[in-house]
1. Taking the Cα centre of the chain as the origin, how large is its charge dipole in debye, to the nearest 20, when only Lys and Arg (+1) and Asp and Glu (-1) carry charge on their Cβ atoms?
2. How many percent of the alpha carbon pairs in the chain exceed a separation of 41 Å?
3. Just the accessible area per residue of the chain, please: how many Å² with a 1.4 Å probe?
4. Let me know the volume per residue of the alpha-carbon convex hull for segment 1-93, in Å³.
5. Counting only helical runs of four or more DSSP H residues, what would the 222 nm mean residue ellipticity of the chain come to if each run contributes -39,500 (n - 2.57) and the total is spread over all its residues?
6. Roughly speaking, to the nearest percent, how much of segment 48-114's 1.4 Å accessible area is carbon and sulfur?
7. Which value, in nm² and rounded to one decimal, describes the direction-averaged projected area of the C-alpha convex hull of segment 247-406?
8. If R0 is 56 Å, what FRET efficiency do you get for Trp253 and Asp108 from their C-beta distance, rounded to 0.05?
Amino acid sequence: MKLFFRYFAVFAALIAAYLLFGAGAYLMPDSAVQKHVQRTLANGDMNEDQPRAILPQMLQTRMDNYTDAIILNQAYVMRQEGFKSGVLSVPRWWAPKLPYEVLRDGVDGQEMEIWHYARYWHGNTFLTRYLLVAYDYVNIRLLLYIVSSLLMIWCGALLWRRQGWQTAMAVVFGLTVCFAFVMQFSMQFAPVLIIALAGMAALSRGCNPAMTAFVVGSLTCYFDLLTAPILTLGSLLVVQAVTSSEENVWRGWWQSGKSALLWFVGYAGTWITKWIIATVFTSENVIADGIKNMVGRSSGIDDFTRWDALTNNLQMLPWKYIALAVLVLAVLMAVRFNAKGWRRAVQLLPIALLPCGWYLFAANHSYWHNWFTFRAQAASVTAVLLAMMQMVDWNKLRKKKEDEEL
């Protein structure tokens, strides 16, 4: 019971912090926010729907200006209907046009219909509004890139110091082949990457895995708009599995399962709490809207199956590079096989299936948005590589190299 109240107190503190964060965003000076949105539009920074960050021929490098325009729209319009609506309903302009066109027309003074988007917390919108006080969109992108890059370096250094270069390289490789660098330039994508990196860094520094998973699940719900939420869970479980001293397979699975359950409790609990608060304090039935959209996101339609949603995401991976990494590790396993590593490897492999389970559950959303939901598989790639690494006797491999040098 004491443990229950501890988690409840943490959850209550998080919800209070989320509401205060939204209230603070509402109170930011409109003049500064609007000036930087107008500068963004004047510079042509939102004139495309899905521009490519680099490698323009690759679908995986598409950025989501579509949703980022909605985020800027909400940050601009937030104070038009009063405090409760701004923080809980999150109003925005709407018209049957692309979001960046709606934003441009609204800023130009055209009369627009107001829509509400209350089923999400919209922590990314609130964060954007804070940043718009000082920066336009291009400079916000640069700031996200700097912060996420420094966090990635710090996380990699912590993993290297605690678990060795192999673990650090597996995490970096998983993120790289899933084009995580594209996430660094978007308000839609960046929060999930930053939360995943921060969670891995926290575990590397010895934080309690169960509580970390609970808090990370809640933060993911607050800041994310269903981009690749399971990435934050998969990243945590991978680091937990390799840093744990537990050798027993069943107990290792139990620890991973407990953390996964607490992540889902934090994630779903935070979402449901928003629906309840918004329904109670606004005139909207956000609970009904949330349930309706959850069913829609997880359902299929006549044109495709859940299996199609899964394969649609799998085909986005650069398999030839992943196969090369697997081949290198297979050769190392053949040269210096570590039979004792099977326990840790077996603990890691189920984690690789988490994104697949998500795609089968959220089939509708995962099918249509595979060009960004596929990034959750960074955890899958990392888990598979780390499982193989457990089966390599690195000490003997190092000794053989030293003997050859002598």
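1. Details: 34 positive and 26 negative charges, 319 e Å.
Around 1540 debye, computed over the chain.
2. Working: 13674 of 82215 pairs.
For the chain, the share of Cα pairs beyond 41 Å comes to 17 percent.
3. Details: 18430 Å² over 406 residues.
Per-residue value: 45 Å².
4. On the way: hull volume 13.7 nm³, N = 93.
Per-residue hull volume (Cα only) is 147 Å³.
5. Values: 21 runs with 280 residues, N = 406.
Calculated mean residue ellipticity at 222 nm is -22000 deg cm²/dmol.
6. On the way: 1490 of 3030 Å².
Taking all protein chains in place, segment 48-114 shows 49 percent carbon and sulfur surface.
7. On the way: hull surface 52.4 nm².
For the Cα atoms of segment 247-406, the hull's average projected area reads 13.1 nm².
8. Numbers: r = 57 Å, r/R0 = 1.02.
Rounded to the nearest 0.05, the efficiency is 0.45.
The values are calculated or read from the model by the stated rules, or taken from the named source; none is laboratory data. Quick caveat, the model's predicted, so the values are computed rather than measured. Virtual Cβ from ideal backbone geometry, glycine too; neighbours counted across all protein chains shown. The accessibility values were calculated without ligands, DNA or RNA, using every heavy atom of the protein model including side chains. Shrake-Rupley method; radii C 1.70, N 1.55, O 1.52, S 1.80 Å.
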